[in-house]
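The values are calculated or read from the model by the stated rules, or taken from the named source; none is laboratory data. Not measured: the values here are computed from a predicted model. Quick reminder, even Gly has a Cβ in these numbers, built from the backbone with ideal geometry, and neighbours come from all protein chains shown. Note: accessible area is taken over every heavy atom of the protein model, side chains too, but ligands, DNA and RNA are not part of it. Shrake-Rupley method; radii C 1.70, N 1.55, O 1.52, S 1.80 Å.
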Amino acid sequence: MSMFDALNISASGLSAERIRMDVVSANLANANTTRTLDGGPYRRREALFSEVAGEFGGGVVNGSNSGVGGVRVASVVQDQSPLRMVFDPGHPDADANGYVALPNVNVVTEMVDMISASRAYEANATAFQSAKQMAMRALELGR
Amino acid sequence: MIDRLIYDNTSFALERAASGASQRQGVLSNNIANVNTPGYVRKDFEFAEALSDAISSSGFESSAERSGIQDASRSVVMDGSTPLRMDGSNVDVDTEMASLAKNTIEYNAFIRLLNDKIGLMRTAIQGR
């Protein structure tokens with residue numbers, strides 16, 4: 001394990017939480033979007049985190065990973081839960097029965113995700129700070 | 001002789017302890033980075049027990065015993081003892097932050113002791 005591994009691991013956590021925050025922002029911004037590039041209404045997106053196997057600690061042995069290497073966003077997936085149907089016959093995107101399919105974005109869920117991402121970001125920033133302080137202390141050895 | 005003077009048992013134990021604390025920092029950072037990863041099992045780096053066992057059993061007089069301590073103090077363990085969350089992960093961010101703070105203080109203590117040790121040597125060399 002090199003001196004900067006702790007810093008790199010915390011940095012991976014910071015960037016993953018930032019991506020989650022971006023996804024939450026996109027969901028909130030598109031909460032009422034009925035026209036997307038793929039056609040049809042916007043579907044809520046979600047960032048999937050996966051652990052990165054590191055060499056330190058043995059890595060992956062017999063399918064069980066004891067190495068530490070941080071975290072990454074494996075993919076951003078679309079939420080396939082049903083869309084919100086709202087009766088609005090005047091809407092240009094309404095179907096034959098007068099219903100408009102609105103995005104399956106729930107503002108409360110997004111807010112909870114946002115707070116969770118922001119707290120996790122803070123935790124990673126604190127871990128980064130302590131690791132940095134430890135490295136600085138080591139530089140003072142023998143002074 | 002000079003080797004024993006500069007690199008004595010106390011310095012060696014302190015160096016191993018500081019190195020262990022530094023590696024544990026990485027493992028704890030990894031737990032915090034993966035706090036939102038579903039199914040992640042928290043890990044810990046247990047060097048303190050291994051190091052104290054090795055010190056009390058051997059007293060690390062020879063270089064072979066010293067390298068034994070080096071091996072004994074290297075183990076990342078999966079810790080499934082804490083309760084699982086809904087998403088299958090068992091990381092508790094409060095516990096991790098507390099361990100992290102404690103580990104940082106321990107590391108700083110080791111470094112300070114090592115520094116004092118070097119200071120003693122410096123005093124002996126300069127004779128004042």
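From the list A:64, A:10, A:2, the lone residue that is in contact with a strand residue (DSSP E or B) (Cβ under 8 Å, 6 or more places away or on another chain) and either at pLDDT below 85 or crowded, with 20+ Cβ neighbours inside 10 Å (or both) is A:64. Exactly one residue out of B:58, B:67, B:75, B:62 is touching a strand residue (DSSP E or B) at 6+ places or on another chain (Cβ under 9 Å), open to solvent by less than 60 Å² (accessible area, probe 1.4 Å) and modelled with pLDDT under 80, and it is B:75.
Checking each residue of the range A:115-129 against the condition of being assigned to a loop (DSSP other than H, G, I, E, B) and surrounded by 17 or more Cβ atoms within 10 Å (Cβ to Cβ) gives no match. Somewhere in the range A:88-109, is a residue touching a Gly at 6+ places or on another chain (Cβ under 6 Å) and free of Cβ contacts under 8 Å to residues at least 24 places away in the same chain? The answer is yes; a qualifying residue exists.
Can you tell me which residue among B:37, B:82, B:10 is hydroxyl-bearing (Ser, Thr, Tyr), in contact with a Phe, Trp or Tyr (Cβ under 6 Å, 6 or more places away or on another chain) and either more than 28 Å from residue A:125 (Cβ to Cβ) or at pLDDT 75 or above (or both)? Selected residue: B:37, the only one of B:37, B:82, B:10 that is hydroxyl-bearing (Ser, Thr, Tyr), in contact with a Phe, Trp or Tyr (Cβ under 6 Å, 6 or more places away or on another chain) and either more than 28 Å from residue A:125 (Cβ to Cβ) or at pLDDT 75 or above (or both). One residue stands out in the range A:1-57 among those that are facing chain B (nearest Cβ under 8 Å) and among the hydroxyl-bearing types (Ser, Thr, Tyr): the one that is farthest from the chain's Cα centre (by Cα), namely A:10. A count restricted to the range B:20-47 and to residues that are closer than 21 Å to residue A:115 by Cα, among the aliphatic types (A, V, I, L, M) and assigned to a helix (DSSP H, G or I) stands at 2. It is to be established whether one or more residues within the range A:29-36 are loosely packed, with under 13 Cβ neighbours inside 10 Å, in a loop (DSSP other than H, G, I, E, B) and touching a residue at least 40 places away in the same chain (Cβ under 8 Å). Within the range A:29-36, one or more residues are loosely packed, with under 13 Cβ neighbours inside 10 Å, in a loop (DSSP other than H, G, I, E, B) and touching a residue at least 40 places away in the same chain (Cβ under 8 Å). Considering the conditions (1) open to solvent by less than 70 Å² (accessible area, probe 1.4 Å); (2) within 30 Å of residue A:50 (Cα to Cα), residue A:111 is excluded by exactly one of them, (1).
Selection of first residues in the range A:121-143 that are more than 8 Å from chain B (Cβ to nearest Cβ) and of second residues that are open to solvent by less than 70 Å² (accessible area, probe 1.4 Å), restricted to Cβ pairs under 7 Å at least 6 apart or on distinct chains, gives the following pairs, ordered by first then second residue: A:121/A:14; A:121/A:17; A:125/A:14; A:132/A:7.
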